[in-house]
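So the structure is just underneath, and the comments pick up after that.
FYI, it's all coordinate maths here, none of it is from the lab. Everything numeric in this text was worked out from a predicted model, so none of it was measured. Here the Cβ positions follow ideal geometry from the backbone for every residue, glycine too, while neighbour counts run over all protein chains shown.
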Amino acid sequence: MSAMTRHEWLLSDRPTSRRQARLGQAYRTWLSFRTNWLAMVGLGIVVALVLVALFANVIAPYDPVLGGDLRTERFLPPLTGNHLLGTDDLSRDIFSRIVHGSRLTLLVVVLVAVIATPIGLLVGTTAGYFGGWVDTVLMRITDIFLAFPRLILALAFVAALGPGIENAIIAIAITSWPPYARLARAETLTIRDSDFISAARLQGASSARILWGHVTPLCLSSVIIRVTLDMAGIILTAAGLGFLGLGAQPPQPEWGAMIAAGRRFLIDQWWVATMPGVAIFIVSLGFNLLGDGLRDVLDPKARK
């Protein structure tokens, strides 16, 4: 199939199969998405983060944990010798630590999304579909979580569970699901009385089948947009926990912990804390730009 024939096949107004219809819709979404250059910049940053995390051992020129000679390689400024971003107080290469720290950042983002998104969808769709006392109970529990700032609530959970990257991920996931539940509930309320839902009930479909087979797929696009936009907040929360010593523990190269270690030298050796801060800023910006682009192409309310 030539490129032009494939293009026409994907954009056909009369698809001959469900596969062609799905691929055509995905292709139209991509064509619309790539016209937004800011969204493409965000996508590029996120893809770069993934590639850096995957090939950290190849990209990083030095060991992220072991330092060099404390007499000659301590606090080297950026662009000194083979140290692109300089070295820290233990003569460790900052660039190598940032590259390996991208793995922890990506791990936190992925695991929090995998844990929090299904919880939020389950709570929100169940509350919106059944209504009544089920809706009241689930939404009041959600309101309790929403009543506290995310970082404060995460701090409380980490304090109870103990410091460490695993407990930090669990704490952030526990505090991240309520907005997704609220959004899923609002979407469910708008579609639970639709004709196709009534038809599914008349055909004998169970509530679980309707929820997961009909309601949840319609809520996914809005929730995915919200999750992508929340990635920056998740990264900042993880960095905040690391900064306070409750996230990844030394000598792990976590960006928030690197900023905490470098704040003592901020006046004279500014690069020790600044470079991981710039990494957090760039990655957070990338997820925000990507989320805005996804909202423009996936949110039906935003379409003209």
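Just to confirm the filter: which chymotrypsin sites (Phe, Trp or Tyr not before Pro) across segment 148-256 are DSSP coil and have at most 14 other Cβ within 10 angstrom of their Cβ?
Passing both the DSSP loop test and the Cβ count: no residue.
Counting Lys and Arg as +1 and Asp and Glu as -1, each charge on the Cβ, what is the dipole of the chain about the Cα centre in debye, to the nearest 20?
In debye, rounded to 20, the chain gives about 960.
Taking only Cα atoms, what is the 0 to 90° angle, nearest 10, from helix 94-130's long axis to the longest principal axis of the chain?
For 94-130 against the chain, the angle is about 20 degrees.
Given (1) -0.58, -1.00, -1.26; (2) -0.42, -0.93, -1.45; (3) -0.49, -0.93, -1.33, which label gives log10 I(q)/I(0) by the Debye sum over Cα atoms at q = 0.09, 0.13, 0.16 Å⁻¹ as computed from the coordinates?
(1)
Roughly how many Å is it from the Cα centre of segment 243-279 to that of segment 152-202, as a whole number?
One Cα centre to the other: 31 Å.
DSSP loop chymotrypsin sites (Phe, Trp or Tyr not before Pro) in segment 50-104 with at most 15 other Cβ atoms within 10 Å of their Cβ, which ones?
For chymotrypsin sites (Phe, Trp or Tyr not before Pro) across segment 50-104 that sit outside H, G, I, E and B with at most 15 neighbouring Cβ atoms in 10 Å, the list reads PHE55.
Given R₀ = 45 Å, what would the calculated FRET efficiency be for LEU66 paired with MET40, taking r from the Cβ atoms and rounding to 0.05?
Efficiency computed from Cβ-Cβ geometry: 0.75.
Could you work out how far helix 165-191 tilts from the main Cα principal axis of the chain, as a 0 to 90 degree angle to the nearest 10?
Its long axis makes an angle of about 20 degrees.
Figure the gain on full extension for TRP133 and ASP89 (residue separation times 0.36 nm, minus the Cα-Cα span) and round it to one decimal in nm.
Difference between extended and current length: 10.1 nm.
Stretch PHE145-TYR27 to full length: gain in nm at 0.36 nm per residue minus the Cα-Cα span?
38.6 nm
How large is ³J(HN,Hα), in whole Hz, for each residue of segment 64-77 in order, when computed from phi with the Karplus curve 6.51 cos²θ - 1.76 cosθ + 1.60 and θ = phi - 60°, using x for Gly and Pro?
Whole-Hz 3J(HN,Hα) from phi for segment 64-77: x, 9, 7, x, x, 6, 5, 7, 10, 10, 8, 6, 6, x.
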